[in-house]
Each structure stands twice: as structure tokens, then as C-alpha cells.
Amino acid sequence: MKKYDWPGNVRELENLAKRLLVFVDGDEIFPTHLPNYMRDKPIEADITDKSTLEDVENQLIQRTLEENNHNVSETARKLGISRNTIYNRIGVDKISNC
């Protein structure tokens with residue numbers, strides 16, 4: 001919740017707190033209780049003056065694979081690309097060695 005921008009400011013936070021109080025059973029709120037748009041944080045790449053588009057794409061794919069425990073299907077879904085694109089960019093051998 002700290003990393004979320006809160007474009008609706010206090011009203012958005014207040015609305016979320018009310019919804020969580022109504023819909024969450026128990027005394028604790030976990031990340032899974034939050035809306036998807038708050039849980040899915042953007043993935044950033046290390047871009048330098050010499051970075052190519054291919055370098056940046058590969059970084060994003062590698063980082064997303066790591067965040068998803070090397071689950072290719074989940075990584076493809078998160079990035080909005082096909083599993084084949086991941087295999088073509090990174091290579092099957094690099095994914096299966098993880």
C-alpha cells in the first residue's frame with residue numbers, strides 16, 4: 001500500500017479501508033485482500049546510454065521470471081506476451097536452468 005500512488009488521495013484510502021472492514025474476515029489484512037492494481041507493482045529495467053531495446057526486454061523478462069519463481073505462463077500473462085516470445089527472447093536452456 002505504501003508504493004501505491006493513491007490518485008484518489010484520502011477518499012480512495014478511506015473507501016478501501018471501509019471495503020476491507022466489510023469483506024475481510026479476521027483481524028489481519030494481507031496483500032491478497034487488496035485489489036490487483038495495488039498488488040501488481042511495475043517492473044523496472046536498468047537503462048543506460050548503451051542499452052538496446054533487446055537488452056531492456058531481456059531484463060524485464062528475467063526480472064519477471066524471478067518474481068514469478070520462473071513460472072513462464074504467469075510471466076507471459078504479466079508482461080502481456082506469449083510463452084513463445086519468452087522462450088525466443090531468453091532461450092529454453094536459460095529458463096530451465098533457473
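The values are calculated or read from the model by the stated rules, or taken from the named source; none is laboratory data. Note that this is a predicted model, so its numbers are computed, not measured. Neighbour counts run over all protein chains shown; Cβ positions are idealised from the backbone, glycine included.
Condition first: in a loop (DSSP other than H, G, I, E, B) and on the phi > 0 side of the Ramachandran plot. Now tell me which residues in the range 2-27 satisfy that.
6, 26
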Q | Near pairs, Cβ below 9 angstrom, 6+ apart or cross-chain, from the range 20-39 (in the same structural domain as residue 78 (by TED's automatic domain parsing) and surrounded by fewer than 12 Cβ atoms within 10 Å (Cβ to Cβ)) to any residue that is assigned to a loop (DSSP other than H, G, I, E, B) and not polar (S, T, N, Q) | A | none
Q.
So in the range 48-88, with the set limited to residues that are among the polar types (S, T, N, Q), assigned to a helix (DSSP H, G or I) and under 20 Å from residue 38 (Cα atoms), which one is farthest from the chain's Cα centre (by Cα)?
A. 75
(Q) If I filter the range 44-98 down to residues being among the aliphatic types (A, V, I, L, M) and surrounded by fewer than 16 Cβ atoms within 10 Å (Cβ to Cβ), which single residue comes out as modelled with the lowest pLDDT? (A) 45
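So, in the range 1-19, exactly how many residues are at pLDDT below 85 and exposed (fewer than 11 other Cβ atoms within 10 Å of the Cβ)?
5
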